[in-house]
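A short write-up of the structure that comes next.
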Amino acid sequence: MPVVSSKHAGRVQKFPVKSFHGGYTEEAEPYEISVNQLSDICNMKYVKVTDVYGNPVIIAKVRQGTVKLTTNALPSAVKACWLYTPPGGSQELIYATDSKLYKEVSGVQTELGSLDGIPTFTEFNDKLIIHDGGVTKYYDGINFGKLTWEYDDENLGTGDGTTVTFSGTLEHPTVKASTLTISYVSTDSKSISDNGTGRLTGDVVAAKNITNITQANPAQVTCSSHGFSTGDKVHIQDVEGMTEVNDQIYTITVVDADNFTLDGVDSTGYNAYTSGGTASGNIIVYSTGEYKFTCSSAPDDTTSITATYEKVDGAPKSKAGFVRAERLYMYQDPDNKSRLWYSAVRNEKGWDGSTGGGYVDVELKDGYELVGAENFFSRVILVKGNSIHHLKNFPGDSDFRVEPLIPNLGGVAYRTVISAGSFIFFLGAEGLLFISATDEFGDIKRNLISKAFQKTAVKYANSNTFACYNPNDGHYYISFYDEDKGSYLSKLYVLDINLGLLSKYKFAFGQHTALSFCHDKMLIGADNGHVYELVNDESTFKDDHDSYASDTYIQGAYTDWDLPNNRKHNKKIHLKMAARLGATANLKLYLNHNFDEFATINTVLSMVNPDIGVEGELVDIADMDLDIAYAAYDFDFSFGYKFSYRDLMWRLENINSLLGAEILGIEFYGAILGD
């Protein structure tokens with residue numbers, strides 16, 4: 001405790017702020033927090049170092065800058081972004097609005113296609129999987145589209161050694177062209193496949209040759225000994241002259257053994273038939289799944305005739321996914337809100353038991369959706385709207401099942417359910433919570449987050465909030481959405497999960513609208529349509545060449561140094577600040593519970609001139625031309641400044657530095673006066 005004296009001239013005391021280990025809190029007024037806490041901060045992060053006396057301390061450091069990755073802006077705000085390298089290709093920047101997907105390579109922008117909503121991305125089986133709330137999509141560097149659903153070994157019938165013709169309807173139309181394979185055994189293995197236009201070829205009876213087609217209504221086809229019956233469906237191809245009839249399936253009416261008409265086809269305006277063409281009754285109608293084929297020889301007795309094919313746009317819908325043990329897991333299916341889908345091994349088309357895929361429903365009857373799912377060591381953590389569960393083991397295991405974990409606690413925002421180191425974070429109605437892998441499952445911990453911004457987290461707990469974890473710096477970034485205003489908060493909340501301390505970032509390029517960490521890069525989408533990278537080194541402290549100094553500040557507590565009944569007389573201030581190539585900042589002082597500034601002191605760290613005039617006083621400052629490191633330097637930047645007060649608050653703002661700056665603390669030197 002400093003000594004109280006009424007004769008202050010010879011009793012100068014030091015009132016230090018030498019560590020920010022309390023961090024920033026917005027849950028209390030500046031005069032309600034301790035001296036090692038911060039009442040405001042922006043564009044600063046925390047670093048744990050050792051001071052010259054060997055004590056661990058927390059200092060504040062200007063955040064790293066950003067570089068623009070895109071040459072071409074999207075027509076509206078970037079809602080998602082990713083870096084993807086196709087097989088055998090070079091890296092592509094993928095970015096999206098809420099309705100279109102684009103890529104940019106070497107400064108050239110290309111629209112890939114339409115989306116059903118804001119996407120998230122998962123890389124699986126060399127493809128970029130796109131979860132947008134509709135049928136799950138993919139991009140492989142060439143093709144963009146909806147994932148199909150592969151069905152294996154659908155039973156079409158059983159051979160009896162004599163029957164050769166089989167017909168029916170596949171169970172899962174619409175069938176994707178060129179994906180149908182029918183297998184049977186007749187002495188040895190036989191195979192039938194579709195040609196992409198509806199004809200079945202392979203081990204089937206041969207097609208019939210066409211010798212003429214009339215220009216009439218209906219068109220009449222001459223085909224000697226065709227063997228068809230009225231009502232049959234017939235596929236025609238390879239006709240010359242009247243090419244309009246090629247590669248289509250027709251329902252026919254038999255005229256005689258050598259002629260039939262094409263129902264509903266008026267060919268009077270078609271080109272004249274010249275030659276060629278075949279007609280086949282071996283067909284597959286893709287839209288309905290109807291099929292008919294005649295085998296080249298009868299399938300053996302008791303053997304199965306099976307079909308494998310893909311369903312167009314058949315994959316489950318999803319908004320997010322992850323990869324686990326070579327399977328793609330997906331969730332947030334609007335048609336199956338409690339469902340977690342999993343694919344076959346290394347097969348993004350296999351989603352049911354025929355291929356080894358499948359799903360689990362998480363408490364289907366409780367009426368709440370599955371908000372999020374994360375691979376978490378040997379389990380999958382499943383966050384519902386009202387409870388938390390875990391999925392044990394792997395598909396095929398006897399104990400592969402969902403078990404309850406925590407009742408009456410759930411999440412609200414699927415893009416906040418994120419695995420961050422040994423934690424899983426999620427935003428719920430109670431605020432931002434996490435599960436720790438080091439504790440027993442079911443033990444929900446809030447101490448890492450503390451109470452620094454729980455009111456904000458509760459107020460903006462809605463499905464539009466999104467987050468991202470950056471393992472390079474150990475920070476969990478979360479962007480809150482204000483439903484009343486219909487917009488995101490201008491500042492990005494940044495939680496250092498190792499230190500449990502909170503900061504906020506604001507970018508000079510405008511409003512952040514998307515976040516993703518991929519391939520060792522932290523990407524930020526902006527409302528100006530561009531994508532930026534938050535650099536992981538100290539190469540830049542600007543946002544794409546624009547300074548963010550006007551939004552870079554740190555503000556301490558309103559403190560009376562635990563002497564509420566005594567006035568203090570300040571004589572000198574030591575600002576402990578370091579920078580490599582110089583820095584400037586404004587030090588503001590507030591006195592006696594007054595939030596109108598008492599004084600603004602312009603501070604300058606200069607390599608050229610270490611003695612700077614400050615309102616008639618001298619500031620002795622030594623600049624750093626080496627790496628900033630608290631342990632290696634003891635800074636003592638002091639200047640005389642006299643005033644009397646009961647309590648004070650300091651604020652350092654407009655912190656501008658070319659290659660970074662650190663705030664190590666601040667000390668006020670003066671005397672304590674009697675009441």
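The values are calculated or read from the model by the stated rules, or taken from the named source; none is laboratory data. Source: prediction; values computed, not measured. Counting neighbours? That spans all protein chains shown, and the Cβs are built from the backbone with ideal geometry, glycine included. Note: areas computed on protein heavy atoms with side chains; ligands, DNA, RNA excluded. Shrake-Rupley method; radii C 1.70, N 1.55, O 1.52, S 1.80 Å.
Would you mind finding the longest exposed-site-free stretch of the chain, with exposed chymotrypsin sites (Phe, Trp or Tyr not before Pro) meaning DSSP loop and at most 11 other Cβ atoms within 10 Å?
The reported range is 54-376.
Using a Förster radius of 25 Å, what is the FRET efficiency between Asp266 and Asn212 based on their Cβ-Cβ separation? Nearest 0.05, please.
For Asp266 and Asn212, the calculated efficiency is 0.90.
Please give the calculated 222 nm ellipticity per residue for the chain, where each DSSP H segment of at least 4 residues contributes -39500 (n - 2.57) and the sum is spread over every residue; nearest 500 deg cm²/dmol?
Estimated from H runs of four or more residues: 0 deg cm²/dmol.
Probe of 1.4 angstrom, ligands and nucleic acids ignored: what's the accessible area per residue over the range 33-152, in square angstrom?
The answer is 37 Å² per residue.
Which FRET efficiency, nearest 0.05, do Asn246 and Ser225 yield, Cβ-Cβ r, R0 30 Å?
0.85
Determine the relative contact order of the chain: mean sequence separation of Cα pairs under 8 Å and six or more apart, normalised by residue count, in whole percent.
It comes to 17 percent, rounded to a whole number.
Under the √(5λ) rule applied to the eigenvalues of the Cα gyration tensor, what semi-axes describe the equivalent ellipsoid of the chain? Give them in Å, descending.
72, 26, 18
Do any GluC sites (Glu not before Pro) in the range 26-124 lie in a DSSP loop with no more than 16 other beta carbon atoms within 10 Å, and if so, which?
Glu27
How much length, in nm to one decimal, is gained on full extension between Thr50 and Ser189, taken as 0.36 nm per residue of separation minus their Cα-Cα distance?
42.6 nm
Quick one: grab the alpha carbon gyration tensor of the range 133-290, order the square roots of its eigenvalues as a ≥ b ≥ c, and give me rounded if a/c is under 1.5, else prolate or oblate depending on whether a/b is larger than b/c.
Oblate, because a/c is 1.5 or more while a/b does not exceed b/c.
Taking the Cα-to-Cβ direction at Asp126 and at Thr181 and moving 7 Å from each Cα, how far apart do the two end points lie in nm?
Using points 7 Å along Cα→Cβ, the separation is 1.7 nm.
Taking only the alpha-carbon positions of the range 378-421 and ignoring solvent, what does the Debye formula give for the base-10 log of I(q)/I(0) at q = 0.14, 0.22, 0.24, 0.26 Å⁻¹?
After summing over all Cα pairs, the log10 values are -0.37, -0.78, -0.87, -0.93.
By a straight-distance test (C-alpha under 13 Å), which aspartates and glutamates pair with Lys208 as possible cross-link partners, with residues fewer than eight away in the same chain excluded?
Reachable aspartates and glutamates: Asp238, Asp258.
Counting other Cβ atoms within 10 Å, which GluC sites (Glu not before Pro) in the range 470-543 have at most 16 and lie in a DSSP loop?
Within the range 470-543, the qualifying GluC sites (Glu not before Pro) (loop, at most 16 other Cβ atoms within 10 Å) are Glu483, Glu538.
Hey, what D do you get for the range 67-127 in µm²/s if you plug the Kirkwood alpha-carbon radius into Stokes-Einstein at 25 °C and 0.890 mPa s?
D = 203 µm²/s.
For the residue pair Thr110 and Ser644, what label-to-label distance in nm results when each label sits 7 Å from Cα along the Cα-to-beta-carbon direction?
So the label points at Thr110 and Ser644 sit 7.6 nm apart.
How much length is gained on full extension from Asp366 to Ser287, taking 0.36 nm per residue of separation minus their Cα-Cα distance?
The Asp366-Ser287 span can extend by a further 24.8 nm.
Find, among the trypsin sites (Lys or Arg not before Pro) in the range 304-388, those assigned to loop by DSSP (not H, G, I, E, B) with at most 14 other beta-carbon atoms within 10 angstrom.
Listed in order of number, the matching sites are Arg346.
Suppose a student asked you for the relative contact order of the range 74-116, using Cα pairs under 8 Å spaced at least 6 residues apart; what percent would you report?
It comes to 28 percent, rounded to a whole number.
Using only the Cα atoms of the range 345-443, what are the Rg and Dmax in Å?
Both quantities, over Cα of the range 345-443: 13.9, 42 Å.
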